[in-house]
Amino acid sequence: MHYSLGLVSSRFDQALVWASELHREQTRKGGRTPYIAHLLAVTALVLEGGGDEDEAIAAVLHDAVEDQGGARTRAQIVERFG
């Protein structure tokens, strides 16, 4: 399924909200910019490049395991999003 015309599924919405919650206290290195800005920028690149919903979800969650919980977070990603 390709992303088109601004339509988003609740699955993508859930990933976006969860990413925001996971990274709520995190900022970009050396600054005050909320970390979610980076995740949104990466997700935008994926979608603008024709990526599908699974790729967009992977983009918005791409740092979750490394930065927010390790194996436990990875297991939650698999359970929630496949």
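Here are the numbers for this structure:
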item: Matching entry among VAL46, VAL78, VAL42 (being crowded, with 17+ Cβ neighbours inside 10 Å, of a type in the set (Val, Ile, Thr) and not in a loop (DSSP other than H, G, I, E, B)); result: VAL46
item: For ALA71: the one exception among (1) surrounded by 15 or more Cβ atoms within 10 Å (Cβ to Cβ); (2) free of Cβ contacts under 8 Å to residues at least 40 places away in the same chain; result: (1)
item: Members of segment 54-68 found to be under 20 Å from SER10 (Cα atoms), part of a helix (DSSP H, G or I) and free of Cβ contacts under 8 Å to residues at least 40 places away in the same chain, listed by number; result: ASP54, GLU55, ALA58, ALA59
item: Test: residue in segment 27-35 that is modelled with pLDDT of 90 or more, under 18 Å from ILE77 (Cα atoms) and within 12 Å of the chain's Cα centre (by Cα); result: no
item: Residue selected from segment 38-53 under the condition among the small types (Gly, Ala, Ser) and farther than 17 Å from GLN14 by Cα, by the criterion modelled with the highest pLDDT; result: ALA41
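The values are calculated or read from the model by the stated rules, or taken from the named source; none is laboratory data. Predicted, not measured: the structure shown is a model, and the values here were computed from it. Every residue, glycine as well, gets a Cβ built from its backbone with ideal geometry; the counts of neighbours run over all protein chains shown.
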